[in-house]
């Protein structure tokens with residue numbers, strides 16, 4: 001009887017040990033590699049509103065009189081905004097290009113993007129261009145930089161209107 | 001679906017058989033997965049409370065406070081942190097096994113739908129609580145979790161700007177965000193606790209604590225694990241670095257690698273559809289509702305035993321409505337009744353000795369009624385021809401007793417063994433319908449209707465009403481609690497029991513031989 005109890009206790013200890021091993025192992029193993037070793041990450045994200053789709057115009061006296069008294073704003077601007085066009089080149093290779101529509105029910109909000117781009121580490125030429133007007137040639141903002149990305153580096157790029165536009169963090 | 005359930009059932013019963021051998025039915029962890037889940041929740045709660053005392057919010061205060069606990073106060077703070085992590089992981093395992101088990105044994109349909117459905121939001125809350133907890137540490141794993149979670153959330157058309165932008169660079173971070181996270185990490189488990197309470201509202205005599213021996217064993221296991229392999233951080237978060245590779249807690253974070261493979265759309269649609277399916281599964285396909293128990297006021301004396309014994313709170317005691325001298329009468333809620341018949345087994349008026357009037361107990365099933373069972377018992381007993389004959393009372397959810405029927409074995413199967421009033425055993429032996437009686441049903445602690453087996457044992461042991469009368473010779477009664485897979489052992493035990501009965505009979509008919517033998 002004692003022999004049997006002893007074996008049962010050993011079996012219990014074995015089951016507890018197995019459970020503990022299961023907990024210990026899967027609470028941290030196997031490690032997960034989201035970005036391959038030796039690579040770097042470029043995160044491009046911004047929220048920026050492009051220009052309105054059309055020019056504002058000054059209302060005439062007749063136009064103002066045709067409106068309700070509380071609606072008589074002298075300047076009439078369209079609500080909708082243009083798409084923001086953006087492109088990113090790494091060593092002259094386009095790695096991201098998009099025409100970002102405005103957000104909002106009336107297409108009057110900012111254009112938004114959030115991109116994670118896994119790239120090889122090392123020395124690169126990075127070019128970013130952005131158009132937020134109705135121009136058909138050239139860019140409203142253009143940034144070209146020589147960068148060195150170390151393995152595992154995460155380069156964040158935001159956009160703030162004015163100056164070069166693109167903010168490297 | 002049936003084949004899948006049968007396969008899982010077979011595997012579980014096989015494993016549980018071994019666990020029964022190692023732990024005994026009382027300590028068998030597979031019989032109290034839900035209670036273990038509650039136990040781990042308390043460990044997580046108490047350890048979390050301790051960690052909260054020392055926890056700072058903000059960057060890098062959050063990380064530094066956890067580091068202090070882990071290294072400077074390793075002997076208590078570090079252990080508490082490890083207990084917090086490992087108990088959370090153990091809880092996930094228990095919950096997953098609990099769901100699989102209830103599904104395989106068909107314990108989520110009919111009147112049991114409420115417990116199943118209230119369990120579904122608990123899955124979401126457990127995952128959210130776990131993930132927000134990892135986030136608070138603000139190490140590289142937290143950074144990974146923060147970015148992967150917000151990227152996943154950004155797929156939903158809820159947020160104006162992507163919330164992942166908050167983790168674009170260190171300059172975007174706001175310490176107040178951690179205050180919100182701490183609030184979430186406390187509020188979500190509190191909501192979880194409320195739903196855990198709700199989860200058991202239709203369960204009578206709910207077991208929310210594992211047996212003491214099991215609790216001590218499992219806590220000791222967690223404690224030893226916390227000392228041998230303490231939970232540690234993975235370096236302070238640095239948004240200018242990629243959090244890769246990371247040592248994920250796969251019990252909570254499997255969803256992130258899966259998102260990288262299948263994309264956020266599949267994850268969200270899969271989660272949504274999965275949740276809906278889980279909620280609806282008790283009705284897919286619709287279950288044929290059995291007729292509920294009915295009360296016969298002419299025979300009910302309002303003793304309350306049926307209400308006390310009902311495992312699903314389907315019976316209440318209401319003030320007497322028929323003018324009888326008793327204070328109460330039993331009332332059955334048909335929506336909650338599982339038609340297990342345990343109430344019939346508890347009724348003091350459920351006795352087969354009644355001949356002056358029809359056998360109508362105070363509470364009875366409609367199909368099968370107690371009178372039907374008595375008729376069946378007598379019909380089966382009449383076929384017994386050989387010495388050492390036995391009457392086996394079994395249950396529909398355990399061993400199929402009918403296949404053991406022979407010239408020396410009569411069988412009656414009940415919806416649950418708990419439906420059998422002990423007076424039936426007295427009746428069989430005193431009327432010599434058979435030389436002995438075998439009561440069988442689900443394994444100890446594993447009753448399909450939760451408490452039928454336990455109540456039956458207590459009635460036979462004379463510690464629960466209605467008790468088996470003293471006059472019944474105990475050597476002519478055998479109990480065998482078994483799973484459907486235990487048929488071979490059962491057959492062997494019956495054979496042995498029959499030999500014992502033959503010996504008893506021969507001694508009874510030849511007292512001289514009996515004395516000589518003594």
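The values are calculated or read from the model by the stated rules, or taken from the named source; none is laboratory data. Here the structure is a predicted model, which means the values were calculated and not measured. Here the Cβ positions follow ideal geometry from the backbone for every residue, glycine too, while neighbour counts run over all protein chains shown.
Within segment B:403-509, which strands (runs of 3 or more DSSP E) (wholly inside it) include 3 or more residues that are farther than 26 Å from residue B:101 by Cβ and more than 24 Å from the chain's Cα centre (by Cα)?
B:409-414, B:436-441
Checking residue B:97 against (1) within 14 Å of chain A (Cβ to nearest Cβ); (2) touching a strand residue (DSSP E or B) at 6+ places or on another chain (Cβ under 7 Å), which test does it fail?
(2)
Being over 17 Å from residue B:131 (Cβ atoms), modelled with pLDDT of 95 or more and surrounded by 12 or more Cβ atoms within 10 Å (Cβ to Cβ) is the requirement here; does residue B:258 meet it?
Judged against the criteria, residue B:258 is not a match.
How many residues does segment B:249-277 hold that are in contact (Cβ under 8 Å) with a residue 24 or more places away in the chain, over 18 Å from residue B:156 (Cβ atoms) and assigned to a helix (DSSP H, G or I)?
Residues flagged as in contact (Cβ under 8 Å) with a residue 24 or more places away in the chain, over 18 Å from residue B:156 (Cβ atoms) and assigned to a helix (DSSP H, G or I) within segment B:249-277 amount to 3.
Within segment B:102-114, restricting attention to residues that are in contact with a helix residue (DSSP H, G or I) (Cβ under 6 Å, 6 or more places away or on another chain) and assigned to a helix (DSSP H, G or I), which residue is farthest from residue A:26 (Cα to Cα)?
B:113
Looking at B:324, B:356, which one is free of Cβ contacts under 8 Å to residues at least 12 places away in the same chain, over 20 Å from residue B:458 (Cβ atoms) and assigned to a loop (DSSP other than H, G, I, E, B)?
B:356
When residues of segment B:71-89 are filtered for being touching a residue at least 40 places away in the same chain (Cβ under 8 Å) and either in contact with a helix residue (DSSP H, G or I) (Cβ under 8 Å, 6 or more places away or on another chain) or within 14 Å of chain A (Cβ to nearest Cβ) (or both), how many remain?
11
Any residue at all in segment A:7-17 that is in contact with a strand residue (DSSP E or B) (Cβ under 7 Å, 6 or more places away or on another chain), surrounded by 13 or more Cβ atoms within 10 Å (Cβ to Cβ), facing another protein chain (nearest Cβ under 8 Å) and without any contact (Cβ under 8 Å) to a residue 60 or more places away in the chain?
Scanning segment A:7-17, I find no residue that is in contact with a strand residue (DSSP E or B) (Cβ under 7 Å, 6 or more places away or on another chain), surrounded by 13 or more Cβ atoms within 10 Å (Cβ to Cβ), facing another protein chain (nearest Cβ under 8 Å) and without any contact (Cβ under 8 Å) to a residue 60 or more places away in the chain, so the answer is no.
Please work out which residue is surrounded by the most Cβ atoms within 10 Å (Cβ to Cβ), limiting yourself to segment B:403-416 and to residues that are touching a strand residue (DSSP E or B) at 6+ places or on another chain (Cβ under 6 Å) and free of Cβ contacts under 8 Å to residues at least 40 places away in the same chain.
B:410
Yes or no: residue A:129 modelled with pLDDT under 90, closer than 13 Å to residue A:44 by Cα and out of contact with any helix residue (DSSP H, G or I) (no Cβ under 7 Å at 6 or more places or on another chain)?
no
Residues of segment A:128-156 being surrounded by 17 or more Cβ atoms within 10 Å (Cβ to Cβ), away from chain B (no Cβ under 14 Å) and part of a strand (DSSP E or B), which ones?
Selection gives A:128, A:129, A:130, A:131, A:141, A:143.
Within segment A:115-126, track down each residue that is over 16 Å from the mean Cα position of the chain (by Cα) and either modelled with pLDDT under 90 or in a strand (DSSP E or B) (or both).
A:120, A:122, A:123, A:124, A:125, A:126
Go through segment B:382-402 and count every residue that is surrounded by fewer than 19 Cβ atoms within 10 Å (Cβ to Cβ) and in a helix (DSSP H, G or I).
The number of residues fulfilling the criteria is 1.
Considering each of B:227, B:251, B:272 in turn, give the residue that is at negative phi, modelled with pLDDT of 95 or more and within 9 Å of chain A (Cβ to nearest Cβ).
B:251
Return yes or no: is residue B:13 away from chain A (no Cβ under 14 Å), in contact (Cβ under 8 Å) with a residue 12 or more places away in the chain and over 17 Å from the mean Cα position of the chain (by Cα)?
For residue B:13, the condition - away from chain A (no Cβ under 14 Å), in contact (Cβ under 8 Å) with a residue 12 or more places away in the chain and over 17 Å from the mean Cα position of the chain (by Cα) - is not met.
Taking the stated definitions as given, is residue B:237 buried (at least 19 other Cβ atoms within 10 Å of the Cβ) and more than 10 Å from chain A (Cβ to nearest Cβ)?
Judged against the criteria, residue B:237 is a match.
Of all residues being surrounded by fewer than 22 Cβ atoms within 10 Å (Cβ to Cβ) and over 15 Å from residue A:15 (Cβ atoms) in segment B:26-37, which is nearest to the chain's Cα centre (by Cα)? Just the residue, please.
Only one residue tops the list, namely B:35.
Starting from residues that are within 11 Å of chain B (Cβ to nearest Cβ) and not in a loop (DSSP other than H, G, I, E, B), keep the ones in segment A:160-169 and report whichever is nearest to residue A:42 (Cα to Cα).
Ranking the candidates gives A:168 first.
For segment B:88-98, does any single residue satisfy the condition of being over 30 Å from residue B:1 (Cα atoms), at pLDDT 95 or above, in the same structural domain as residue B:251 (by TED's automatic domain parsing) and buried (at least 21 other Cβ atoms within 10 Å of the Cβ)?
Yes, segment B:88-98 contains a residue that is over 30 Å from residue B:1 (Cα atoms), at pLDDT 95 or above, in the same structural domain as residue B:251 (by TED's automatic domain parsing) and buried (at least 21 other Cβ atoms within 10 Å of the Cβ).
Given the structure, is residue B:116 away from chain A (no Cβ under 14 Å), at pLDDT 95 or above and surrounded by fewer than 17 Cβ atoms within 10 Å (Cβ to Cβ)?
no
For residue B:366, work out the one condition from (1) surrounded by fewer than 16 Cβ atoms within 10 Å (Cβ to Cβ); (2) over 28 Å from residue B:429 (Cα atoms); (3) touching a strand residue (DSSP E or B) at 6+ places or on another chain (Cβ under 7 Å) it doesn't fulfil.
Result: residue B:366 passes all but (2).
Restrict the check to segment B:214-224 and report whether at least one residue is more than 9 Å from chain A (Cβ to nearest Cβ), under 22 Å from residue A:26 (Cα atoms) and in contact with a helix residue (DSSP H, G or I) (Cβ under 6 Å, 6 or more places away or on another chain).
no
Any residue that is at pLDDT 90 or above, part of a strand (DSSP E or B) and closer than 21 Å to residue A:35 by Cβ - is there at least one of those in segment A:70-88?
For segment A:70-88, residues at pLDDT 90 or above, part of a strand (DSSP E or B) and closer than 21 Å to residue A:35 by Cβ: present.
Kindly provide the set of residues from segment B:155-171 that are touching a residue at least 40 places away in the same chain (Cβ under 8 Å) and within 13 Å of another protein chain (Cβ to nearest Cβ), ordered by number.
Hits for segment B:155-171 are B:155, B:167, B:168, B:169, B:170.
Sort out which residues of segment A:18-59 are crowded, with 18+ Cβ neighbours inside 10 Å, within 10 Å of chain B (Cβ to nearest Cβ) and in a loop (DSSP other than H, G, I, E, B), and write them in order of number.
Of everything in segment A:18-59, those that are crowded, with 18+ Cβ neighbours inside 10 Å, within 10 Å of chain B (Cβ to nearest Cβ) and in a loop (DSSP other than H, G, I, E, B) turn out to be A:27, A:28, A:34, A:35.
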